[in-house]
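Structure first, then comments.
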Amino acid sequence: MERILEQTLLFDFYGELLTEHQRNVYEDVVLNDCSYSEAAQEYGISRQGVHDLIKRCNKTLEEYEEKLHLVARFLLIRGKIEQIHVLARGQGEIEKLTNEILEEL
């Protein structure tokens, strides 16, 4: 899985478990593509501090996934629904339902 997609999914599932400060810095750097220097200036910490915080957050989010497997389950379910959607082409209600589920995911 592409690293940025993996980081985004991990943050979506487990980001609320980080502290507010960690969430804010992580979101700015990883999701909003701010540089370490910009984030350091914004939050009044060193560039190295931002780097270390991002590294710790990635490790923490990965540890949550290792224990809970929510992202893996999500991807598995989404993949199965996509398969059902392909098989249901032309099947009216089933196709409509799988479209709705995929949009919600």
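The values are calculated or read from the model by the stated rules, or taken from the named source; none is laboratory data. None of these values were measured; they are calculated from a predicted model. Note that each Cβ is placed from the backbone with ideal geometry, even for glycine, and that neighbours are counted across all protein chains shown. When the accessible area is computed, the model is the full protein with side chains, heavy atoms only, and any ligands, DNA or RNA have been set aside. Shrake-Rupley method; radii C 1.70, N 1.55, O 1.52, S 1.80 Å.
Values computed for the structure shown
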| read-out | value |
| --- | --- |
| Per-residue [θ]222 nm for the chain (sum of -39500 (n - 2.57) over DSSP H runs n ≥ 4, rounded to 500) | -24000 deg cm²/dmol |
| On Cα atoms only, tilt of 3-14 relative to the major axis of the chain in degrees | 90 |
| Helix axis angle, 93-104 relative to the chain longest principal axis, alpha carbon, degrees | 0 |
| Lys pairs under 25 Å by Cα in the chain, provided they are eight or more residues apart or on distinct chains | 4 |
| Heavy atoms of H51: accessible area, 1.4 Å probe, square angstrom to 10 | 70 |
| Rounded accessible area per residue of the chain, 1.4 Å, Å² | 69 |
| Options [x] -0.83, -0.89, -1.27; [y] -0.70, -0.79, -1.56; [z] -0.75, -0.80, -1.25 - which one matches log10 I(q)/I(0) by the Debye sum over Cα atoms at q = 0.16, 0.17, 0.25 Å⁻¹ as calculated here | [z] |
| With Cα atoms, 0 to 90° folded angle of helix 47-68 axis to the chain main axis | 40 |
| Segments 19-25, 36-42, 87-93 sorted - mean Cβ within 10 Å per residue, highest first | 36-42, 19-25, 87-93 |
| Heavy atoms of I84: accessible area, 1.4 Å probe, square angstrom to 10 | 80 |
| Sulfur and carbon atoms: percent of accessible area, the chain [1.4 Å] | 51 |
